[in-house]
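Where a number appears in this text, it was derived from the coordinates with a stated rule and is not lab data. All values derive from a computational prediction rather than experimental measurement. No Cβ is skipped: glycine too gets one built from the backbone with ideal geometry, and neighbour counts run over all protein chains shown.
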Ligand code: IMO
Ligand code: MG
């Protein structure tokens, strides 16, 4: 029985909520290993809609252990607010079903302020972040001045830790013309939230090691997508963590063999929120139609997502760098009724043709996608549960994508409903 990692293979928002829920129903432990409350995962269970940002998807199902690994940046205030939110929907969150890594980095209010300030100032590169403080918190982790979950367990040591991080932040804040952060107020806020977070703090590496020894099935739940990976994505228009499956090991405290099967979630077209290159973007009526049919608005920030054709060259690159074994193709039904469909297979950049996106390409200027045109279909793919129920052209489209991305389709999701899936390969089954 292999443990499974599920990751987004484009720019996030691949529609992973349903797939993660389907997999987590069959897992014993669900682990988040990177990112923070910049993620927005919508789960629909028995008609109830849950919107999760920081909590692993297993939390809304009884009898699962949910784990927030050390690779996650945890805003303790957002964590407690999200717990209260799901509890108001009748979900119980206790130390029996949620563990938070003691060595996870904390997002503090000053990180969020810095993120907001950078995003709204007129100088510097605007990334279009979720303004949750994700980037600044990871910077402090690498800068070795971050506060971590374990620091909340030792309230007497908080003043010294806060002083230390403020040496750096107040210098920055002065430079940016922000008021200095008040050490006393921050210590007081942390002391107030600490007793609420403390019961969940655990040596997660050990909890997971024990789960593994006991033969439990572990699901690693990625957030964002490979093209937002800080190394392999469209830098600098990325998030500040590694989103590839290899990080499931580092970000949870298990070795490199932690993951047996990597499922990549791939949307049948492409979307992106925030700034950055997007070669197959459509700013015309077709793009509008994709956005409308696909309900492409952000869960976290409500922003309208940019939409475009499927980019096979970019997805192939993502699947390779992330080590994806098979894909779940989502939202195929959004393409129903198009007369013809285009699929990006490469780029023309300054007169050269590439079958991958080279590092360092700028904001789209001078990148011209190379397309293959395919016949669309007039019938419906929605709710299909077998290949036989799909229009012939839709089968052709999926089969062509499979060839171009050099990775098999493990399943096709044909609606937000759990049962509407064409299943080829069960990721948990060797
Ligand atoms: P899920 O898990 C889509 C994008 C932001 C921005 C960049 C950096 O729902 O797929 P950050 O706040 O992380 O510093 O922002 O990354 N971004 C996402 N886009 N889905 C997400 O998560 C995202 N999380 C971050 O829009 O371009
Ligand atoms: Mg999102």
query: Fewest first, what order do 117, 424 take by the number of other Cβ atoms within 10 Å?
result: 424, 117
- prompt: Relative to the present Cα-Cα distance, how much length would full extension add between residue 382 and residue 154 at 0.36 nm per residue of separation?
  reply: 76.7 nm
query: Just the C-alpha atoms of segment 112-157: what Rg/Rh do they give, with Rh taken as the Kirkwood radius?
result: 1.11
- prompt: Taking the alpha-carbon set of segment 253-408, what are its Rg and Dmax in Å?
  reply: 16.3, 49
- prompt: For segment 78-165, what is the Kirkwood hydrodynamic radius in Å, using each pair of distinct C-alpha atoms?
  reply: 15.0
task: Enter the per residue convex hull volume of segment 66-215, computed from alpha-carbon coordinates, in Å³ rounded to the nearest integer.
output: 136
query: In nm, what is the difference between 0.36 nm times the number of residues separating residue 2 and residue 299 and their Cα-Cα distance?
result: 103.8 nm
query: Along the three principal axes, how long is the chain when you take its alpha carbons, biggest first, rounded to the nearest angstrom?
result: 67, 51, 37
message: How tilted is helix 158-176 with respect to the longest principal axis of the chain? Cα atoms for both, answer in degrees (0 to 90, nearest 10).
response: 60
field: Nearest 10 degrees, 0 to 90: helix 312-322 Cα axis against the chain principal axis
entry: 40
Alpha-carbon centroids, segment 302-376 and segment 230-299: separation in whole Å: 12
message: Based on alpha-carbon centroids, what's the gap between segment 27-74 and segment 382-401 in Å, whole number please?
response: 31
- line: Cβ density ranking, 10 Å radius, fewest first, applied to 21, 151 yields 151, 21
